[in-house]
Amino acid sequence: MKKLASVGLGLLMTTAMAAAQAQEVKIGMITTLSGGGSHLGVDVRDGFLLAIERSGRDDVEVLVQDDGNRPDLARSLSNEFMQRDNVDILTGIIFSNLAMAVVPAAVRQGTFYISPNAGPSDLAGRMCHENYFNAAYQNDNLHGAMGAYMREQGYERPIIMAPNYPAGTDALAGFKHLYEGEVVDEIYTQMGQTDYAAEIAQIRASDADSLFFFLPGGMGISFMKQWENSGVDLPVFGAAFSFDEIIIKAVGSAAIGAMNTSLWAYDLDNEANHAFVEAFRDAYDRTPTLYAAQGYDTANLILSALEKAHPDDKDAFREALREADFDSVRGKFRFGPNHHPIQDIFVREVVEGDDGQPTNRLVGIAVEDIQDVYHTQCQM
């Protein structure tokens, strides 16, 4: 299993016992394996491949390419996968702006796209499509759940911050939808930003009683390190995207005490999750993040559908995907009418682990059976 951790970029990956063996199903994975946010794509890839490996199937071929977090490259790779490689299924995209560059055209051409991460509101609502499924969340979900949690905890003057791109605007919209109160201010940052001195000064000058932010990948690391040195004393809240195991270990002690929402936790108590966490640690010598869990669930969703139909039989395969007949590592899982999950969202706290390093500890459920508000706009 250790060999999975050293897969090269753009390398053909397959569960076949011999490379020359004919494969019956081709999956094209476009994900971010270099540049900003690369650890997100690495974990989605590794979780996905782990599920394929554990399935023991020799009829599924996974082709992996690095999009470099570039919409133009992601679009080019999707065309190559569909036109040259004749893939049956596309998956893997991390960032919502890349999803918007790839998914609408791909599904219109008859290719299934199963998202292991990005869930922009347009794809959940007015641009939904019968060939598009999201096995992770709609972008608002985790942020909305934190809005509800903070309201219940009595915070009355939050200030909220996110990057100015589709997932960022969805994040703050989702927070406000379930917070159901007034926020002190909304701050939009740049994608890939590393200097947050101006934003921290704005937060310091406000009369906020709390901070909620969404800054995935390296953006969250940069912000939290600067936040610790700023001396601003406000409780910090976010979603798992800014507090995964890799990020909080890079941030260090500054992350301790932060609360975050997630659709999954490594200490979630169910049989499927125990097996996943053990297998992932054995394969890759690290604790999985939310992204790895989403990649693993996405692969198992696809595998469950393949037990019932081949993607060539589009109607039957689509119905098999809708049934979501697999054991999710997050527990309860079902699809809404727009092919986005209806699921529980949990609250985690960053604490000091037994090794002295920050880690997430499950606290409880923030919102049960959350469903995105955009499904009513879906005319599927």
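What's the long-distance tail for the chain, i.e. % of Cα pairs beyond 28 Å?
41
With the other protein chains left in place, how much accessible area per residue, in square angstrom, belongs to segment 61-161 at a 1.4 angstrom probe?
Accessible area per residue, segment 61-161: 30 Å².
Given a 10 angstrom Cα cut-off, can you work out which residue in Gln138, Gln65, Gln83 is the most mobile in a GNM of the chain?
Gln83
Top mean-square fluctuation among Leu49, Leu142, Leu306, Gaussian network model of the chain, C-alpha springs under 10 Å?
Leu306
How big is the gap, in Å, between the Cα center of segment 56-90 and the Cα center of segment 214-238?
35
When DSSP beta bridges are limited to those with both residues in the chain, what percentage is antiparallel, rounded to the nearest 5?
Within the chain, antiparallel bridges account for around 35 percent of the total.
Quick test of the membrane-span-like rule: which DSSP H helices of the chain reach at least 15 Å along their long axis (C-alpha atoms) with mean Kyte hydropathy at least -1.0?
Long hydrophobic helices here: 38-55, 71-83, 96-108, 141-152, 166-179, 218-230, 271-284, 290-306.
Using the alpha carbon gyration tensor of segment 189-233, what are the three equivalent-ellipsoid semi-axes (square root of 5 times each eigenvalue), largest first, in whole Å?
They are 18, 11, 10 Å, listed from largest to smallest.
For the cross-link pairs Lys176/Lys308; Lys176/Lys225; Lys308/Lys332, which exceed 30 Å when the distance is taken from alpha carbon to alpha carbon?
Long pairs (Cα-Cα over 30 Å): Lys176/Lys308.
Identify which of Leu215, Leu234, Leu33 has the largest mean-square fluctuation in a Gaussian network model of the chain, with springs joining Cα atoms closer than 10 Å.
Comparing Leu215, Leu234, Leu33 in a Gaussian network model of the chain, the most mobile one is Leu234.
Taking a cut-off of 16 Å between Cα atoms, list the aspartates and glutamates near Lys249, but don't count ones fewer than 8 places away on the same chain.
Asp43, Glu228, Asp285, Glu349, Glu352, Asp354, Asp355
When the accessible area of the chain is split by element with a 1.4 Å probe, what percent falls to carbon and sulfur?
45
Taking the solvent-accessible surface of protein heavy atoms with a 1.4 Å probe, what is the per residue accessible area of segment 250-380 in Å²?
Counting only protein heavy atoms, the per-residue value for segment 250-380 is 41 Å².
The values are calculated or read from the model by the stated rules, or taken from the named source; none is laboratory data. Keep in mind that what you see is a predicted model, and the values were worked out from it rather than measured. To get the accessible areas, we keep the full protein, side chains included, count just its heavy atoms, and leave off ligands, DNA and RNA. Shrake-Rupley method; radii C 1.70, N 1.55, O 1.52, S 1.80 Å.
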